[in-house]
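Worksheet for the structure shown next.
The values are calculated or read from the model by the stated rules, or taken from the named source; none is laboratory data. Please read these numbers as outputs of a predicted model, since none were measured by experiment. Don't worry about glycine lacking a Cβ; one is built from the backbone with ideal geometry, like all the others, and counts go over all protein chains shown. Remember, those area values only see protein heavy atoms, side chains included, never the ligands or the DNA or RNA. Shrake-Rupley method; radii C 1.70, N 1.55, O 1.52, S 1.80 Å.
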Amino acid sequence: MLFVNSVLKDFLDHPTAMRAGEELPLTLLEPYLLSHFPASTGPLAAEQFPSGHSNLTYLIRLGNREMVLRRPPFGSKVKSAHDMGREYRVLSKLHSAYPQAPRVLLFCDDESILGSPFYLTEPIRGIILRKDPPEGLNFSPEVAQRLSESFVDNLARLHGLNYAAIGLGDLGKPQGYLERQVRGWIDRYRGSQTHDWPEVERIAAWVIQRTPPLREATLIHNDYKYDNMVLDSNDVTKVIGVLDWEMCTIGDPLSDLGTALAYWVDAGDSNELQQVRWCPSNYPGSLTRAQLVKRYSLATGRDVSSMAFYLAFARFKVAVILQQIYYRYHLGLTQDQRFASLPRKIEILLRASLHAAETGEI
């Protein structure tokens, strides 16, 4: 367990009570876990990590043992987006080569336990930054700069892994990756549509016409952002964990960088775009999107001249992810009130996507 000094302890990511409708059936889960971890003695207790809009994450305590449990969201019909077995397999291969990936402990495909497959990992103790740093945490311009440099350097490191050598060569199909992604995300939007936004068809036509050829395939995370990273509690500029590997595949590394940029709002961005800020990327000292791209290019040697495409497409993709989540709320399949305000964020992201497409600005 990572040592945490008393000054920084309160900055750690803490779970809270399970949300209504998302409780785990502990009476079924406890005997199952005891059969796999006989050295642990109950009782079983569970709390839920409050963030995240997709797969659900819980901290469970079996006696004195703590583990993290991941399961699909309730009411989801998109099975391919919540494949627990695939995510478990990725992590079981990846951890030894990329220790920031969680170490997996157990996979269960017996749906009589939770009603869905799930898996367990060891917890990674540290700080997770969300929209703003916790009050009292030193987030000086120097810290913000060093952290944003670590953010992009760590992504470049992931893209440099030899995925075939670590046993993930069959994880994806690089040939035609971008074309499938573009058409697939357009179809996902149409399958979960609840509003008529005029930007959608313009963006769809633009990305179909301008999809660049795939120059290189690497292992990609596909949802790389600050709140999917765990930071060292004694040095928040050091990345010690990367979470939420559900969309990991073999694909275009620039699409992964584009997704990271879609979540990154610069200090100089419009007031509208500030409304969809996910992390403290606009704090003094933070690199801008353009600076992140330049640093990534220097670290990897990759041609980044087409980044406007990747940013436009990534903003559209994030909008579709939110649309799919909102669609579940719209149908009453989840009662999570956080989702009620998603249409406004979707609209802003669609406008920002179209702006990147039409102006070429990063």
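Shown is the FRET efficiency for Q175 and F74, computed with R0 = 30 Å from the Cβ-Cβ distance and rounded to the nearest 0.05: 0.25. Note on F37/E358: beta-carbon distance plugged into 1/(1 + (r/R0)^6) with R0 of 56 Å gives a FRET efficiency of 0.50. In terms of the mean number of neighbouring beta-carbon atoms within 10 Å, the peptides 199-206, 215-222, 23-30 order highest first as 215-222, 199-206, 23-30.
Place a point 7 Å from the Cα of I166 along the Cα-to-Cβ direction; which residues of segment 232-262 have their backbone N under 17 Å from it? The answer is 239-254, 256-257. Between helix 342-359 and the chain there is an angle of about 40 degrees, using the helix long axis and the longest principal axis of the Cα atoms. In angstrom, the C-alpha Rg and Dmax of the chain are 20.2, 60. Taken over segment 207-317, the alpha-carbon convex hull comes to 124 cubic angstrom per residue.
When only Cα pairs below 8 angstrom with a gap of at least 6 residues are kept, the chain shows a relative contact order of 18 percent.
Ranked from largest to smallest solvent-accessible area, with a 1.4 Å probe on the protein heavy atoms, D269, D252 come out as D269, D252.
Residues of segment 200-214 with an amide N closer than 18 Å to a point placed 7 Å from the Cα of D303 along the Cα-to-Cβ direction: 210-214. Rounded to the nearest 10 degrees, the inclination of helix 177-191 to the longest alpha-carbon principal axis of the chain is 80 degrees.
Considering only P280, P174, P213, the Gaussian network model of the chain with Cα springs below 10 Å gives its largest mean-square fluctuation to P213.
Residues whose amide H comes within less than 5 Å of that of R125, counting only those at least five positions distant or on another chain, are L2 (H built at 1.01 Å from N in the peptide plane).
Given R₀ = 56 Å, what would the calculated FRET efficiency be for D196 paired with E47, taking r from the Cβ atoms and rounding to 0.05?
0.90
Once C-alpha pairs closer than 8 Å and six or more residues apart are averaged by separation and normalised to the residue number of segment 108-211, the relative contact order reads 15 percent.
The alpha carbons of segment 88-177 give a radius of gyration and a Dmax of 17.5, 51 Å, in that order. Between 0 and 90 degrees, rounded to the nearest ten: what's the tilt of helix 289-300 against the longest Cα principal axis of the chain? That works out to roughly 80 degrees. Inter-label distance, T237 to K294: 1.9 nm, where each label sits 7 Å from its Cα along the C-beta direction. Between E135 and L331, the modelled labels are 4.1 nm apart [label points 7 Å from Cα along Cα→Cβ].
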